[in-house]
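Right, one structure below, let's go through it.
The values are calculated or read from the model by the stated rules, or taken from the named source; none is laboratory data. Remember, it's a predicted structure, so these values are computed and weren't measured experimentally. Quick reminder, even Gly has a Cβ in these numbers, built from the backbone with ideal geometry, and neighbours come from all protein chains shown. When the accessible area is computed, the model is the full protein with side chains, heavy atoms only, and any ligands, DNA or RNA have been set aside. Shrake-Rupley method; radii C 1.70, N 1.55, O 1.52, S 1.80 Å.
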Amino acid sequence: MTLQTKRAAFAVVLAAGLAVTSLAGCNRGTTAAPGGEASGASGGAAGKRACIILPDASSSSRWENGDRPQLEQAFKAQGVETDIQNAQNDTSKYATIAQQQLTKGCAVMLLVDLNEAGVQVAQKAKAQGVPVIAYDRPIEGADYYISFDNFHVGELEGQMIVDGLKAEGKDAATAKVVYVGGDPTDGNAKQFHDGADKVMSEAGIKPAFQTPGTWDVKKVQTYFEQAYTALKGDIDAVCVANDFSAASVISVLDKNGKQVPVSGQDASPPGLQNILLGKQVATVYKPFQLEAQAAVDLSMKLLNGEKPPAPTTAADGTPFIPQTPVVVDTKNMKVVFDDGNAKISEVCTKAVAEACQKAGLQ
């Protein structure tokens, strides 16, 4: 199913002429204070505001370049004002933003968790009668959770390593594989790890080294350099949680003149470039538009006073609306560009031009 088809399917769940009713005590204003980031037409959808907190601008390019404009546009199309702010990887700022938003008034909150800062915010919001949607990352106590099936994301990453080793004629049972995971305070990171470990363990892989989990790319590089030194460079593959971390790992491998199978996710420009150059096996593609549209659709139902059932539940029992990820490599990379989630011009730079031509991208 194409991204366009999936978008259309999501749109069907919105009833025509949806009448938005008020949530008692939830919305005490629609105008942002000076310097705020509220946007959209005031008075739309009974003057309701969707309050959204993004985690940072460094762990992934998606938050500011993808999710922010997509959510803003989708809510605006429904006549709902948005207050979208970024915590810039600061949990104190996260809490301050939330307090300011709740003081000004929120009809619904979409929270991308940051080191569990979303838990207390969710508690405060629900105490005020504001429904909370955990967006992309799980938050204990949220009313709903919308994300990709992150355990399956991990399974896909683990399979990249298994396939990569097989392609190089190496025995998985004796291969030395380094695990480079995400920040353990991010609930998704454990799911990525567990999914990958399940697939790799079934293939006979045992981790030769596991670095401390983090999304800080500088720390990833330092930790992997330590792993490389500890193993004296005897490494057959590296299972990495996302593309940005993979780029840090690859920089160390490049410095040592070594190339091994490396996994990743997000279909980011650096990840796509490394795939084209043969330095990364593949990436897990998660079109953020699917998450954003599902979140807006759910928000509109909540604003209408509905409590729709979810198809499944998360590990903590939160109603979960999962989206389906896909693996992208050189053979199907064009879909990322066709969806508008990367530009050929920023991926097919001079150093990658020849590889792009071979892949039929130029």
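Restricting the first member to segment 329-345 and to residues that are closer than 20 Å to Gly164 by Cβ, and the second to residues that are open to solvent by 60 Å² or more (accessible area, probe 1.4 Å) and in a helix (DSSP H, G or I), the beta-carbon pairs closer than 9 Å and six or more apart or on different chains are Thr330/Lys358. Would you confirm whether or not segment 291-302 contains a residue that is without any contact (Cβ under 8 Å) to a residue 60 or more places away in the chain, on the phi < 0 side of the Ramachandran plot, open to solvent by 30 Å² or more (accessible area, probe 1.4 Å) and not basic (Lys, Arg)? Scanning segment 291-302, I find no residue that is without any contact (Cβ under 8 Å) to a residue 60 or more places away in the chain, on the phi < 0 side of the Ramachandran plot, open to solvent by 30 Å² or more (accessible area, probe 1.4 Å) and not basic (Lys, Arg), so the answer is no.
Can we say Ser251 is modelled with pLDDT under 95 and open to solvent by less than 60 Å² (accessible area, probe 1.4 Å)? Against the criterion (modelled with pLDDT under 95 and open to solvent by less than 60 Å² (accessible area, probe 1.4 Å)), Ser251 does not qualify.
Figure legend. Inter-residue proximity from segment 264-283: first residues closer than 16 Å to Ser60 by Cα, second residues among the aromatic types (Phe, Trp, Tyr) and not in a helix (DSSP H, G or I), beta-carbon distance below 6 Å, spacing 6+ or different chains. Indicated pairs: Ala267/Tyr285.
Restricting segment 182-220 to residues that are of a type in the set (Gly, Ala, Ser) and closer than 22 Å to Lys232 by Cα, the residue that is surrounded by the most Cβ atoms within 10 Å (Cβ to Cβ) is Gly213. For segment 133-161, taking the residues that are assigned to a loop (DSSP other than H, G, I, E, B) and among the charged types (D, E, K, R), the one that is most open to solvent (accessible area, probe 1.4 Å) is identified as Glu140. Of the residues making up segment 162-181, those that are among the β-branched types (Val, Ile, Thr) and open to solvent by less than 60 Å² (accessible area, probe 1.4 Å) are Val162, Val177, Val178, Val180. Hey, any hits in segment 327-343 for a residue that's open to solvent by 60 Å² or more (accessible area, probe 1.4 Å) and part of a helix (DSSP H, G or I)? Yes, that holds for at least one residue.
Can you tell which of Glu116, Glu72 is open to solvent by 10 Å² or more (accessible area, probe 1.4 Å), under 30 Å from Met200 (Cα atoms) and in contact (Cβ under 8 Å) with a residue 12 or more places away in the chain?
Testing whether each residue is open to solvent by 10 Å² or more (accessible area, probe 1.4 Å), under 30 Å from Met200 (Cα atoms) and in contact (Cβ under 8 Å) with a residue 12 or more places away in the chain leaves just Glu116.
For segment 96-105, the set of residues classified as under 24 Å from the mean Cα position of the chain (by Cα) and open to solvent by less than 50 Å² (accessible area, probe 1.4 Å) consists of Ile97, Ala98, Gln101, listed by residue number.
Every test in (1) assigned to a helix (DSSP H, G or I); (2) within 24 Å of Leu71 (Cα to Cα) is passed by Ala267 save one, and that test is (1). Among the residues of segment 60-88, those identified as under 29 Å from Asp243 (Cα atoms), modelled with pLDDT under 95 and assigned to a loop (DSSP other than H, G, I, E, B) are Ser60, Ser61.
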